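Contents: one structure, followed by commentary.
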Amino acid sequence: MSPATSRKPDRSTEIAAALRDAIVAGRLTVGDRLPSEAELAGRYGVSRPTVREALKRLAAQSLIRTQRGATGGAFVNHISYEAAHEQQITTSTLLLSMNAISFDVACEARFAMERACAPLACARRTDAHLARMRAEIARQSDPALGDEDFCASDVALHRALVDAAANPVLSYQLAGAVEAMQPLMNMITFTARDRARIVALHGALTDAAEARDAAACDRALCDLESYTRELGSAVMASRSRSGR
């Protein structure tokens with residue numbers, strides 16, 4: 001086989017894909033019991049270990065759960081937004097790091113998505129969301145706060161803004177932006193940024209949310225994006241000069 005020839009997927013991958021398609025299409029719904037290993041092995045003309053491997057793939061994606069005992073077996077799982085949220089963060093982090101996404105591209109994507117949810121956040125925010133944002137600003141104002149904790153607080157503040165939109169689909173989609181892209185950007189810029197300026201920008205963002213002023217919220221996010229890009233450019237230029 002030449003290197004240019006694509007390798008055919010193994011049978012366990014094909015079986016997992018077929019079962020996944022059935023779940024996505026609704027032919028198998030939440031709570032449905034999958035055929036037994038023996039039945040699946042006969043249907044696909046493979047061994048039971050091959051079926052077992054296919055089921056492991058589905059379980060790793062949280063698409064099925066297994067249950068022991070006389071009434072046990074493999075069942076279609078109910079995927080919660082909370083569980084999917086964690087998978088989104090992991091996938092986004094790996095995607096960005098493995099594909100060498102540029103700082104500017106990540107920055108553009110992250111702020112574009114966050115700005116999209118800002119009007120909803122301004123309209124739906126509660127006192128609890130504001131309290132979380134104010135608490136993070138207070139943490140960030142502490143000169144004794146370490147760099148890692150400052151970065152974590154930065155993420156928490158933006159997470160509170162996203163949560164204020166009260167839309168689980170948006171929250172899921174933005175998990176990759178806020179909790180995957182943002183930490184990667186923080187890792188690059190934390191040595192160069194002016195904490196007081198970050199705190200001031202976060203204050204403006206929170207004030208806008210409190211006033212339910214979507215236009216001011218958008219401006220605050222634009223200012224944060226501009227400053228983040230500025231920091232990124234400065235850090236990259238410094239690394240280039242030092243040959244790193």
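The values are calculated or read from the model by the stated rules, or taken from the named source; none is laboratory data. On a predicted model such as this, the values are computed, not experimentally measured, just so you know. With ideal geometry, Cβ positions are generated from the backbone for all residues, glycine too; neighbour counts draw on all protein chains shown. The protein model used for the area step is the full one, side chains on, heavy atoms only, and it has no ligands, DNA or RNA in it. Shrake-Rupley method; radii C 1.70, N 1.55, O 1.52, S 1.80 Å.
Tell me yes or no: at least one residue of the range 65-72 is of a type outside the set (Lys, Arg) and buried (at least 17 other Cβ atoms within 10 Å of the Cβ).
Within the range 65-72 (the criterion being of a type outside the set (Lys, Arg) and buried (at least 17 other Cβ atoms within 10 Å of the Cβ)), the answer is no, since none of the residues qualifies.
Kindly evaluate MET187 against the criterion of being in a helix (DSSP H, G or I), at pLDDT below 95 and exposed (fewer than 14 other Cβ atoms within 10 Å of the Cβ).
Yes, satisfied.
Test of understanding: among ARG57, ARG20, which residue is touching a residue at least 24 places away in the same chain (Cβ under 8 Å), touching a Leu at 6+ places or on another chain (Cβ under 7 Å) and open to solvent by 60 Å² or more (accessible area, probe 1.4 Å)?
When all the criteria are applied, what remains is ARG20.
Exactly one of these conditions fails for CYS122: (1) touching a Lys or Arg at 6+ places or on another chain (Cβ under 6 Å); (2) open to solvent by 50 Å² or more (accessible area, probe 1.4 Å). Give me its number.
Evaluating CYS122 over (1) touching a Lys or Arg at 6+ places or on another chain (Cβ under 6 Å); (2) open to solvent by 50 Å² or more (accessible area, probe 1.4 Å) leaves (2) as the failure.
Select from the range 142-151 the residues that are in contact with a Lys or Arg (Cβ under 9 Å, 6 or more places away or on another chain) and open to solvent by less than 70 Å² (accessible area, probe 1.4 Å) and write down the one among them that is farthest from MET185 (Cα to Cα).
Only one residue fits best here, namely LEU145.
ASP154: of a type in the set (Asp, Glu) and outside any helix (DSSP H, G or I), yes or no?
no
Under the condition of being open to solvent by 60 Å² or more (accessible area, probe 1.4 Å) and outside any loop (DSSP other than H, G, I, E, B), which residue from the range 26-41 is nearest to ARG11 (Cα to Cα)?
My answer is GLU39.
Can you tell me which residues in the range 157-182 are in a helix (DSSP H, G or I) and surrounded by fewer than 19 Cβ atoms within 10 Å (Cβ to Cβ)?
PRO168, VAL169, LEU170, TYR172, GLN173
Each row is one residue, and each column tells you yes or no for (1) out of contact with any Lys or Arg (no Cβ under 6 Å at 6 or more places or on another chain); (2) closer than 30 Å to ALA211 by Cβ; (3) without any contact (Cβ under 8 Å) to a residue 24 or more places away in the chain.
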| position | (1), (2), (3) |
| --- | --- |
| ILE89 | yes, no, no |
| ASN99 | yes, no, yes |
| ALA118 | yes, yes, no |
| HIS129 | yes, yes, no |
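Give the residues of the range 200-225 that are assigned to a helix (DSSP H, G or I) and open to solvent by 70 Å² or more (accessible area, probe 1.4 Å), sorted by residue number.
ASP207, GLU210, ARG219, ASP223
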